[in-house]
Amino acid sequence: MYRLTDAQKAKVKDLLSQMTLEEKIGQMNQESVSIVGGFDVPFEELIEMMTDGRISQEEFEKIMSTAEQDYHEDDIRAGRVGSLMVQEPEKANELQKIAVEESRLGIPLMFGLDVIHGFRTVYPIAIAEAGAFDPDLFQRTASMAAKESRTQGVNWHFAPMLDVARDARWGRVSEGPGEDPYLVSQFAKAKIKGLQGDMSSTENYVAACLKHYVAYGACESGRDYNTVSMANSMLYNAYLPPFKAAVEAGAATVMASFNDLNGVPCTVNEFTLRQILKNGYKFPGFVVSDANAIRECVNHGIAADEPEAGVQAAIAGMDVDMGTQIYKNTLQEAVESGKVPMSVIDDAVERILSVKMWLGLFDHPYVPEEAMHRYDTLPTEHTDLAREAAEKSIVLLKNEGQILPLNKSQKISLVGQLADSREEVIGAWAMSWREKDCVSIREGLENVGAEYKYFPCCGPETDINEDEVAQACAYGDVIVAVVGELDSMSGEASSKADISLPGKQRELLAKLLATGKPVVAVLMNGRPLALKWEAEHVPAILECWHLGVQMGNAVANVLMGVKAPEGKLASSFPAVTGMCPIYYNHPNTGRPGGRSKFTSRYLDAGFESLYPFGYGLTYTTFAYDNMTVAETKDALHITVDVANTGGRAGVETVQLYMQDVTASIVRPVKELKGFAKVALDAGEKKQVSLTLEKKDMGFYKDSGEYVLENGKFCVYVGGNSKDCLMEEVELAF
Ligand code: BGC
């Protein structure tokens, strides 16, 4: 929990009173790294050169790999830098020494990094991990990442990413925990606890950074960085709740998003930054811009030039400038000429110093020598946790004829280039993993002792090798085809207009199916895919996402039945791309989708997702019965009997939804309000209890006012957002 003692607060005030304006602005500057060595331009400019085509991505990567990184040591010495992005402990200590020992006031630097789903021990991408519906797991993986990164000098994670995302064309759906505000909020709270909660030693926690604030996930047509227009009621009800929950859980920092929201870029948005976040939620930490975003306000066309963008950002409540140096170069003049009040600067710097104080950086600025090599070999508890997270994130989408689990007497043809890759198990936005720690699916099958042969055949971007296909078809009793996306196909700047299986992989599946042998599609991907054809033709489909370093072992364990799948979808899957955005908790229409033509539907795709939010099968089946709803003064108490009706043990995620049937604004057809995981042996039945507090049954109006309105409500319980038992209640609050 980010909170300072009175003594720490007094120290911050005292320090602030000694600072010059230049030193204060220095704290607001997150210095960029200059790339020198034949190419003496700032990093951001290099990115721009690649973006506008002056250099190719290959040239960019070449420059980056050969370049020396210059960290502007003189600026650090002069107190003109507050934070940096570094991930080598020796470098961090070297730069920290300059800040602490050679700058006038000795204020330590913060070192930030994108540690989105693990540092060395990479665990599943967020959209996958969210599907485990397991806050305790979310917390444990975050805590592991905090501990690992801090040994390398990183004390600030640009995570958790809390963008509610409902359009799978947007590549960044991979980085976030899905489409549902409640699930994303549970994820948010658990991640804050994991990253910031263990303050028993400064080696155990980091500052979290909630991003991207706000509504970035609603970018128009799923195209990254695109404009966002939405009613304030939608903003308050769907996109803000995870941020509010995380602020209440004590998050230390927030990153503003690139997009404009109703015409105002979030970088300079006084309404979202000051009115809602700082004044409304009483957020005590600091806000950082996204990379280069202050400069991009000129591109947005709302600032004439860089100095004006800097003024707008500072006034709106943007405390730290990531990477443009606009604050460093122009804010002093803006303050001296009265464009930016000194109180704005003091408020920002007090927030920044407070986070540094809370991180313990004034007392423990350096990475201790003995910590630096702690994770040269990953400890077993870390790989065990990564495997547990990976296993729990796998979602069984289809299992016709109970093809899965496989058994050791079956000969398996393992197909697909993705199956033999250690790199592709990682997924987007992981920066500190090592190949030696990764387990490919092929290695996983080897480890579990399966009888298999491997045939690459085809990958997301390569042609089909007919010989290998023929061999694969001839060898196995069963064919396991690993198909999907490269990790570079999701993440930032990776939006797609067609989210069906890329390349020739569908053709590959068709060839394998033509043998008449059972085929299992193991999907490896960073976004929901449009799987209409696969759902119609392939008998067994296992959604495995990018699961991190232990992916191979986890997938093999689930395929072979060592572990039964228990993941659920945190994001709806469309049948075809044109259905995007698609999400279960949509507002009702006057003509809800149905069979007749004049309803809200597509002529060629209907109106329902192929696989809905919350959906996921396992190797047994569950039945729901005897739902009851009892009202007390403050809550509804719901019980339901869940029975394991199959022949194996299994874990079910029981989900609680509600619908406000009559309200003063149109409300979602269903909203998740709780969940519980229950383990059942074959034939076992348990009563599951869930509570819905009445205070959580309201909604925000356009004004931002939260209201509870009397009337009819439907309460639903089930194993996914579509198939539920339902009871009606009439409530007067
Ligand atoms: C991304 C952020 C990230 C930042 C720093 C930006 O391009 O949008 O999510 O934290 O870079 O790496």
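Helix 181-196 and the longest principal axis of the C-alpha atoms of the chain enclose an angle of approximately 50°. In this structure, the amide hydrogen of D260, modeled 1.01 Å from its nitrogen in the peptide plane, lies closer than 5 angstrom to those of V228, C266, counting only residues at least 5 positions away or on a different chain. Our coupling estimate for segment 229-238, obtained by passing each phi through the Karplus curve with A = 6.51, B = -1.76, C = 1.60 and θ = phi - 60°, is 10, 7, 5, 4, 4, 5, 4, 5, 7, 10 Hz, Gly and Pro reported as x.
Report note on the peptides 87-96, 573-582: ranked by the mean count of other C-beta atoms within 10 Å, highest first, their order is 573-582, 87-96.
The tail of the calculated P(r) for segment 89-221 beyond 23 Å holds 37 percent of all Cα-Cα pairs. For the chain, the solvent-accessible area with a 1.4 angstrom probe is 37 square angstrom per residue.
Please compute the Kirkwood hydrodynamic radius of segment 667-730 from all pairs of different C-alpha atoms, in Å with one decimal.
On the way: mean 1/r = 0.0705 Å⁻¹.
14.2 Å is the Kirkwood radius here.
Relative to the longest principal axis of the Cα atoms of the chain, the long axis of helix 380-393 makes an angle of roughly 60 degrees.
Per residue, the Cα convex hull of segment 657-701 amounts to 97 Å³. Placing unit charges on each Cβ (+1 for Lys and Arg, -1 for Asp and Glu) gives the chain a dipole about its Cα centre, and among N626, I394, G718 the Cα reaching farthest toward its positive end belongs to N626. Using the Cβ-Cβ distance between K91 and M230 with R0 set to 41 Å, the FRET efficiency works out to roughly 0.45.
Any idea what the dipole of the chain comes to, in debye rounded to 20, about its Cα centre with Lys/Arg Cβ at +1 and Asp/Glu Cβ at -1?
Working: 70 positive and 104 negative charges, 466 e Å.
For this selection, approximately 2240 debye.
With just the Cα atoms defining each centre, how far is segment 391-466 from segment 346-375? Give it in Å. Centre-to-centre (Cα) distance: 41 Å. May I ask for the distance between the Cα centers of segment 128-179 and segment 246-287, given as a whole number of Å? Centre-to-centre distance over Cα atoms comes out at 19 Å.
From the backbone phi of segment 635-649, what are the Karplus-calculated ³J(HN,Hα) couplings (6.51 cos²θ - 1.76 cosθ + 1.60, θ = phi - 60°) in whole Hz, Gly and Pro given as x? Karplus-based 3J(HN,Hα) across segment 635-649 equals 8, 9, 10, 10, 10, 8, 8, 10, 10, 7, 9, x, x, 9, 5 Hz.
Cα centroids of segment 301-318 and segment 661-701: 43 Å apart. The spread of Cα positions in the chain, taken along each principal axis and listed from longest to shortest, comes to 75, 65, 48 Å.
Think of it as helices only: each DSSP H run of n ≥ 4 in the chain is worth -39500 (n - 2.57), and spread over all residues that comes to -8000 deg cm²/dmol at 222 nm.
Once backbone amide H atoms are built at 1.01 Å from N, V520 has I479, V480, A481 as its partners under 5 Å, excluding neighbours fewer than 5 places away on the same chain.
Taking the charge dipole of the chain about its Cα centre, with +1 at Lys and Arg Cβ atoms and -1 at Asp and Glu Cβ atoms, the residue from V729, G561, P89 reaching farthest to the positive side is V729. Summarise the accessible area of the chain (1.4 Å probe, protein heavy atoms) by the percent that is carbon and sulfur. On the chain, the fraction of accessible area on carbon and sulfur atoms equals 48 percent. Axis of helix 466-475 versus longest Cα principal axis of the chain: the two differ by about 50°, to the nearest ten degrees. Dimensions of segment 262-374 from C-alpha coordinates, computed as largest minus smallest value along each principal axis and given longest first, are 51, 31, 28 Å. Dipole of the chain computed with +1 at Lys/Arg Cβ and -1 at Asp/Glu Cβ about the Cα centre; of A145, L513, P379, farthest Cα towards the positive end is L513.
Here the Karplus curve 6.51 cos²θ - 1.76 cosθ + 1.60, taken at θ = phi - 60°, turns the phi angles of segment 8-23 into couplings of 5, 4, 5, 4, 4, 4, 4, 5, 4, 5, 8, 8, 7, 4, 4, 5 Hz, with x standing for Gly and Pro.
Amide H contacts under 5 Å for A570: G131, G614, restricted to partners 5 or more places along the chain or on a different chain, H placed in the peptide plane at 1.01 Å from N.
The values are calculated or read from the model by the stated rules, or taken from the named source; none is laboratory data. Computed from a prediction, not measured in an experiment: that's the story for all the values here. Don't worry about glycine lacking a Cβ; one is built from the backbone with ideal geometry, like all the others, and counts go over all protein chains shown. Heavy atoms of the whole protein, side chains included, go into the accessibility calculation; ligands, DNA and RNA do not. Shrake-Rupley method; radii C 1.70, N 1.55, O 1.52, S 1.80 Å.
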